[in-house]
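Read the figures in this text as sums done on the coordinates, not as results from a lab. Bear in mind that the values here come from a model prediction, so they are computed numbers and not experimental data.
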Amino acid sequence: MSARLTGKVAVVTGGARQIGFAVATRFAAEGASVVLAQRTESEGAAAQAAIRATGGKATSVVCDVADEESVAAAFDRAVELYGAIDIVVNNAGTGVAEHITDLSWEDYRRVIDINVGGVLLGTKYGARAMRASGAGGSIINISSIQGVLPLRQSAVYAGSKGAVNLITQQTAADLGPFGIRVNAIAPGYIDNEMMHGFHDLVSETPGEAIGAAKRSIVLGRLGRTDDIAGPALFFASDDSAYVTGTLLLVDGGSQSHGAIA
Ligand SMILES: NC(=O)c1ccc[n+]([C@@H]2O[C@H](COP(=O)([O-])OP(=O)(O)OC[C@H]3O[C@@H](n4cnc5c(N)ncnc54)[C@H](O)[C@@H]3O)[C@@H](O)[C@H]2O)c1
């Protein structure tokens with residue numbers, strides 16, 4: 001095992017499942033102590049057990065990324081548990097697929113509070129801990145291809161991820177002087193419930209949107225959650241020591257949204 005993150009402490013929001021879990025599992029395999037920060041205790045406990053079963057270090061902490069007190073408490077707990085925070089992955093996210101004329105204000109608030117507020121709060125409290133330790137750190141925001149190539153019926157989701165991209169650049173500027181790097185990953189079509197749920201809603205024929213998306217991918221397949229783990233490891237490790245404020249598309253080379261663009 002190469003153990004590129006030995007001695008590092010990583011907080012992964014929404015780390016109990018799918019992309020967050022793939023990233024957390026990879027970080028633990030590389031020697032990091034991982035704090036899985038997610039909403040439900042049961043999901044967190046199962047993910048913690050799964051990582052520990054492989055010999056990794058992981059602890060689950062309940063955290064609602066849209067609630068400042070909850071984020072502050074979760075990040076305090078991470079420092080209490082492991083002594084510092086070196087890496088934050090702002091992964092927790094949610095979506096809504098709705099035509100702008102039907103969009104509810106509740107959905108707008110939920111998506112913006114989680115996708116934008118969650119990134120801001122994770123960055124705020126992660127960066128505070130990193131400044132306190134004086135050792136710098138790496139913050140990784142999980143954006144989306146939709147922050148670059150918006151799909152129809154995604155005004156709020158795409159807008160939230162576009163905001164994440166700019167917040168990444170802006171906070172990289174704020175935090176660079178403290179040795180804290182901030183980068184974003186924009187996953188393309190990762191083959192899981194979130195993606196299928198969204199794409200089924202934006203197309204009238206089941207599977208049409210996924211088919212169109214697939215045809216637009218240069219590498220010819222949908223992504224897997226594991227496809228995000230390697231790029232996240234790159235940003236977390238010293239291999240990217242001179243990289244900050246960037247957005248890395250991890251999308252198999254998506255060129256458009258195909259027939260439904
Ligand atoms: N699946 C895709 O194709 C895809 C593509 C691009 C970007 N993304 C992004 O990747 C990230 C992970 O998504 P996923 O595909 O693993 O889907 P997912 O729905 O399985 O994961 C989202 C995670 O965020 C957590 N979460 C949601 N609201 C939260 C809150 N208020 N507080 C704490 N945790 C909360 C969920 O519990 C879950 O663990 C999201 O930011 C998503 O927007 C996904």
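Can you list residues whose amide H is under 5 Å from S60's amide H, if they're 5+ apart or on another chain and H is modeled 1.01 Å from N?
L36
Please report the equivalent ellipsoid semi-axes of the chain, computed as sqrt(5 x eigenvalue) of the Cα gyration tensor, largest first, in whole Å.
Each semi-axis is √(5λ); the values are 29, 19, 18 Å.
Please list, in chain and number order, the residues 5+ apart from S138 or on another chain whose amide H is under 5 Å from its amide H, with Hs placed from the backbone.
Residues meeting the criterion, in which the H sits 1.01 Å from N, are I87, V88, R181.
Give the lysines whose C-alpha is closer than 22 Å to that of K124, dropping any in the same chain fewer than 8 places away, or say none.
K124 reaches K8, K161.
Could you work out the mean projected area of the convex hull around the alpha carbons of the range 90-134, in square nanometres to one decimal?
Answer in nm², one decimal: 3.4.
What is the diffusion coefficient of the range 119-261 in µm²/s, taking the Kirkwood radius over Cα pairs and the Stokes-Einstein relation at 37 °C with a viscosity of 0.692 mPa s?
Taking Rh from Cα pairs, D becomes 206 µm²/s.
Identify which of G223, G207, G179 has the largest mean-square fluctuation in a Gaussian network model of the chain, with springs joining Cα atoms closer than 10 Å.
The residue that fluctuates most here is G207.
Need one number: % antiparallel among DSSP beta bridges in the chain, to the nearest 5.
That works out to approximately 5 percent antiparallel.
Per residue Cα convex hull volume for the range 34-88, in cubic angstrom?
70 Å³
Can you give the log10 of the normalised intensity I(q)/I(0) at q = 0.22 Å⁻¹, computed with Debye over equal Cα scatterers of the range 1-120?
Each listed q corresponds, in turn, to -1.16.
How high is the relative contact order of the chain? Use alpha-carbon pairs under 8 Å, at least six apart in sequence, and give a whole percent.
18 percent
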